[in-house]
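Here is the structure we will look at.
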Amino acid sequence: MKGPISQFIEKHYLHFNSASLVDAAKEYEQQLANGAKMLVSMAGAMSTAEIGKIFAEIIRQDKVQIISCTGANLEEDIMNLVAHSHYERVPNYRDLTPEDEWALLERGLNRVTDTCIPEHEAFRRLQKHIYKIWKDADDKGERYFPHEFMYKMLLSGVLEEYYEIDLKDSWMYAAAEKNLPIIVPGWEDSTMGNIFASYVIKGELKASTMKSGIEYMTFLADWYSKNSQNGIGFFQIGGGIAGDFPICVVPMLYQDMEMHDVPFWSYFCQISDSTTSYGSYSGAVPNEKITWGKLDIKTPKFIIESDATIVAPLIFAYLLDL
């Protein structure tokens, strides 16, 4: 029996983008019922938007089997876990002047739309702990992926004294407990990635200690090949590299590896606020992906043109029967 949120959207979300939301949620549910696995990709600042409050439960209930996300989403969920009370909300962010922005910088507050992340309590608090883990691996000649280092830090317990939210609301902790595979393309474009690079420049760490994006792709290729018997769906929150990187694994396997028995993605849904335009990947309609060998003609395809912070929690609520 579906809960009140699910019943509400089924009753009232009947047309246009709202109808696409319901259709996409129902097909996502059907994919899982058919034995398919699901990849969820997250762009933007979904972790700072506290998507973990519901996404963590999606992970715990096995409604996602692999995640692709930006380095920012990887780290910002943990930052929210350890520094939540120090965040500041700026509801009038549209009215800020350059001088207002500079004042935030001088206070150590990095703004993400209406939310400011505190540098000392968030970035630096993580830095001293993750550096020890990086250095230990570096000294031993061991190599790991960015998300594996984050898992080590979370599961070690070194951050417990800083917890400021309910642990069940951290999607990264939920993923770490399950050792869920995560793909983090372009991890270098993140605060922790920049910090790691600074240690490499100073000669304190070797770049090779951190596994690379190419190794992420080869890992994903192996994972896809082993898990696609009943299909793998693709649920994309936002655009950018978090979505574009993993979806390319199918044409790579088919065209470059000549593995002609590799199935297309079995489902595709993108939540996007990007206007359909010339040359924009984020604004491309799903059918364009057919020409690139990513989706089949018969693949269920959905695009919901709206704010992901509104749409994603509703779809996840439907999947959880809320």
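Just name the residue that is farthest from the chain's Cα centre (by Cα) out of those in the stretch 52-97 that are open to solvent by less than 10 Å² (accessible area, probe 1.4 Å) and β-branched (V, I, T).
Among residues in the stretch 52-97 that are open to solvent by less than 10 Å² (accessible area, probe 1.4 Å) and β-branched (V, I, T), the one farthest from the chain's Cα centre (by Cα) is V82.
If a residue counts only when it is over 18 Å from the mean Cα position of the chain (by Cα), which strands (runs of 3 or more DSSP E) contained entirely in the stretch 202-309 have at least 2 such residues?
Correct list: 301-305.
For S47, only one of the following conditions fails: (1) out of contact with any helix residue (DSSP H, G or I) (no Cβ under 6 Å at 6 or more places or on another chain); (2) of a type in the set (G, A, S); (3) closer than 30 Å to R111 by Cα; (4) at pLDDT 95 or above. What is its number?
Going through (1) out of contact with any helix residue (DSSP H, G or I) (no Cβ under 6 Å at 6 or more places or on another chain); (2) of a type in the set (G, A, S); (3) closer than 30 Å to R111 by Cα; (4) at pLDDT 95 or above one by one, S47 breaks only (1).
Name the helices (runs of 4 or more DSSP H) wholly within the stretch 73-162 that hold at least 3 residues that are farther than 15 Å from T48 by Cβ and among the basic types (K, R)? Spell out how you get there, then give the answer.
Numbers: elements: 98-106, 125-140, 146-156.
Fully inside the stretch 73-162 and qualifying: 125-140.
Table: residues versus (1) without any contact (Cβ under 8 Å) to a residue 12 or more places away in the chain; (2) aliphatic (A, V, I, L, M); (3) out of contact with any His (no Cβ under 8 Å at 6 or more places or on another chain).
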residue: R125; (1), (2), (3): no, no, yes
residue: W134; (1), (2), (3): no, no, yes
residue: A137; (1), (2), (3): no, yes, yes
residue: V184; (1), (2), (3): no, yes, no
residue: G203; (1), (2), (3): yes, no, yes
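List pairs: first in the stretch 188-199 and closer than 11 Å to P146 by Cα and at pLDDT 95 or above, second among the aliphatic types (A, V, I, L, M) and in a loop (DSSP other than H, G, I, E, B), Cβ under 6 Å, 6+ apart or cross-chain?
Pairs found: none.
For the stretch 32-47, name all the residues that are buried (at least 22 other Cβ atoms within 10 Å of the Cβ) and within 23 Å of L126 (Cα to Cα).
Selection gives M42, A43, G44, M46, S47.
Being at pLDDT 95 or above, under 21 Å from the mean Cα position of the chain (by Cα) and not aliphatic (A, V, I, L, M) is the requirement here; does Y13 meet it?
Spelling it out, it is not the case that Y13 is at pLDDT 95 or above, under 21 Å from the mean Cα position of the chain (by Cα) and not aliphatic (A, V, I, L, M).
Residue under question is A242, and the condition is that it be under 30 Å from L126 (Cα atoms), surrounded by fewer than 17 Cβ atoms within 10 Å (Cβ to Cβ), at pLDDT 95 or above and of a type in the set (A, V, I, L, M, F, W, C); does it hold?
On the way: under 30 Å from L126 (Cα atoms): yes; surrounded by fewer than 17 Cβ atoms within 10 Å (Cβ to Cβ): no; at pLDDT 95 or above: yes; of a type in the set (A, V, I, L, M, F, W, C): yes.
Spelling it out, it is not the case that A242 is under 30 Å from L126 (Cα atoms), surrounded by fewer than 17 Cβ atoms within 10 Å (Cβ to Cβ), at pLDDT 95 or above and of a type in the set (A, V, I, L, M, F, W, C).
Can you pull out the residues in the stretch 118-164 that are open to solvent by 30 Å² or more (accessible area, probe 1.4 Å) and either of a type outside the set (D, E, K, R) or in contact with a Lys or Arg (Cβ under 7 Å, 6 or more places away or on another chain) (or both)?
Selection gives H120, Q127, Y131, I133, G141, R143, Y144, L155, S156, V158, Y162, Y163.
Given the condition open to solvent by less than 50 Å² (accessible area, probe 1.4 Å), part of a loop (DSSP other than H, G, I, E, B) and of a type in the set (S, T, Y), answer yes or no: does some residue in the stretch 165-179 qualify?
There is at least one residue in the stretch 165-179 that is open to solvent by less than 50 Å² (accessible area, probe 1.4 Å), part of a loop (DSSP other than H, G, I, E, B) and of a type in the set (S, T, Y).
Going through the stretch 145-188 one residue at a time, which ones are out of contact with any Pro (no Cβ under 9 Å at 6 or more places or on another chain) and β-branched (V, I, T)?
V158, I165
How many residues does the stretch 59-72 contain that are outside any strand (DSSP E or B) and either within 22 Å of L126 (Cα to Cα) or hydrophobic (A, V, I, L, M, F, W, C) (or both)? Don't jump to the end; show me each part of the working.
Narrowing the stretch 59-72 to residues outside any strand (DSSP E or B): 59-65, 70-72.
So of that shortlist, the ones also either within 22 Å of L126 (Cα to Cα) or hydrophobic (A, V, I, L, M, F, W, C) (or both) come out as 59, 64, 70-72.
Adding up the residues that qualify gives 5.
For the stretch 20-31, does any single residue satisfy the condition of being free of Cβ contacts under 8 Å to residues at least 40 places away in the same chain and more than 24 Å from the chain's Cα centre (by Cα)?
No: zero hits.
The values are calculated or read from the model by the stated rules, or taken from the named source; none is laboratory data. Everything numeric here is computed off the predicted structure, so don't read it as measured data. For neighbour counting, all protein chains shown are included, and Cβ atoms are generated from backbone atoms with ideal geometry for every residue, glycine included. Each accessible area value is taken on the protein alone, full model and side chains, heavy atoms only, with ligands, DNA and RNA left out. Shrake-Rupley method; radii C 1.70, N 1.55, O 1.52, S 1.80 Å.
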